[in-house]
Amino acid sequence: MPEMKIINKKYRVLENKKIASNRFMMKLAVCKSFLKICKPGQFIHIKVSDSLDPFLRRPISIHKVNASSIDIIYDVKGKGTTILSSKKKNSFLDIVGPLGNGFNLNNNKNKIPKILIAGGMGAAPLVFLAQRFKKPKGLVLIGARTKKEVVCKHEFKKIGCSVKIATDDGTEGIKGSVVELFKRVITSVENKAKVEIFACGPEVMLKSLKNILKANRLDAQVSLENFMGCGIGVCLGCAVKTESGYKRVCKDGPVFKLSEVF
């Protein structure tokens, strides 16, 4: 596997706004070299503090790419992301990236139907993927616990994607999981073999999706959400078992074929 170019620089925070009760969107001014090499599915590793506490960087997927900046979306869960949420406009963050292997877009020039399946915050990195799709942009299926937790619906629509929603409590879209929604959708597709499928979400969602795909003789490219320590494949803290042995999510992934994992 060819080595990816990695950039380590301090980037300026252009915006860091609260978009939900515990969720933030940050816009970072990045260099032209970063924009030239970054690919959907990759992530950045952020040093949130100038001190040694917290010691580890925070890995966050690239959500969206703009003319001279990138956007990330993150939930405030612990000390690191709490510090990140306090960063003000025009402050600087030490960032390593882009990291990891992203989605394979070899079929992007062909007008192959595409389905994107997002569970919870798994929608965030799929927006960058949809940005890179040629027309038609494809169908996006978004799953969440409730209407208030649906992520990126309007951004997908702005790009030109069709969007369907599934919520656990039925407050938006169908009542049920996004995998159940996918099962309904794929049942109505005549030529299933010509559909490209991409997904990101919790492990339980991906395992359930794998069963549906296997029954339909299909596969998907999926982005895994494992915890990452070093981000460059040294610490082995994110290793996942695959059909060909253990792989590092941060370096060999985070994108894998679903048939190869779990």
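Just a few scattered comments:
- Inter-label distance, nm, simple model (7 Å from Cα along the C-beta direction), Cys235/Lys135: 4.5 nm
- Atom-type composition of the exposed protein surface of the chain places 51 percent of the accessible area on carbon and sulfur (1.4 angstrom probe).
- 3J(HN,Hα) along segment 21-29, derived from phi through the Karplus expression 6.51 cos²θ - 1.76 cosθ + 1.60 where θ = phi - 60°, amounts to 3, 9, 10, 10, 10, 10, 10, 10, 6 Hz, with x in place of Gly and Pro.
- The residues of segment 155-262 have, on average, 53 Å² of accessible surface per residue, using a 1.4 Å probe with all protein chains present.
- The slack between Lys36 and Thr82, meaning 0.36 nm per residue of separation minus the straight C-alpha distance, is 13.5 nm.
- Check: segment 156-262 dipole with +1 on Lys, Arg Cβ and -1 on Asp, Glu Cβ, in debye: 240 debye
- Computed over the chain, the per-residue total of -39500 (n - 2.57) for DSSP H runs of n ≥ 4 gives a 222 nm mean residue ellipticity of -5500 deg cm²/dmol, rounded to 500.
- Placing unit charges on the Cβ atoms of the charged side chains and taking the dipole of segment 81-144 about its Cα centre, the candidate lying farthest along the positive direction among Leu93, Asn108, Thr82 is Asn108.
- Entry comment: accessible area of segment 1-147 is 48 Å² per residue, from protein heavy atoms only and a probe of 1.4 Å.
- For the chain, Cys with no neighbouring Cys Cβ under 4.7 Å: Cys31, Cys38, Cys152, Cys161, Cys200, Cys238, Cys250
- Whether segment 91-231 is rounded, prolate or oblate, judged on the alpha carbon gyration tensor where a/c under 1.5 counts as rounded: rounded
- Too-long pairs where the Cα-Cα distance tops 23 Å, listed order kept, from Lys134/Lys247; Lys153/Lys241; Lys194/Lys214; Lys111/Lys207; Lys64/Lys175; Lys27/Lys114: Lys134/Lys247; Lys153/Lys241; Lys111/Lys207; Lys64/Lys175; Lys27/Lys114
- Extension gain, Arg145 back to Lys17 (0.36 nm per residue minus Cα-Cα distance, nm): 43.8 nm
- Taking a point 7 Å from the Cα of Phe55 along the Cα-to-Cβ direction, the residues of segment 218-236 with backbone N closer than 19 Å to it are 227-236.
- Note on Lys183: aspartates and glutamates with a C-alpha under 16 Å away, same-chain residues under 8 apart excluded, are Asp168, Glu196, Asp219.
- A simple count of charges around Val13, restricted to other residues whose Cβ falls under 10 Å of its Cβ and scoring Lys, Arg +1 and Asp, Glu -1, yields +4.
- Difference of contour (0.36 nm per residue) and Cα-Cα distance, Lys9 to Ser68: 19.7 nm
- Relative contact order %, the chain, counting alpha carbon pairs below 8 Å whose residues are six or more apart: 17 percent
- Most to least packed among 183-192, 168-177 [average Cβ atoms within 10 Å]: 168-177, 183-192
- Note on Phe92 and Glu180: the model spin-label points, each 7 Å out from Cα along the C-beta direction, lie 5.1 nm apart.
- Modelled spin-label separation between Thr242 and Lys194, with each label point placed 7 Å from Cα along the Cα-to-Cβ direction: 3.0 nm.
The values are calculated or read from the model by the stated rules, or taken from the named source; none is laboratory data. The structure presented is a predicted model; accordingly, all values stated were derived computationally and were not measured. Ideal geometry is used to build each Cβ from the backbone, glycine not excepted, and the neighbour counts take in all protein chains shown. Accessible surface areas use protein heavy atoms only, side chains included; no ligands, DNA or RNA. Shrake-Rupley method; radii C 1.70, N 1.55, O 1.52, S 1.80 Å.
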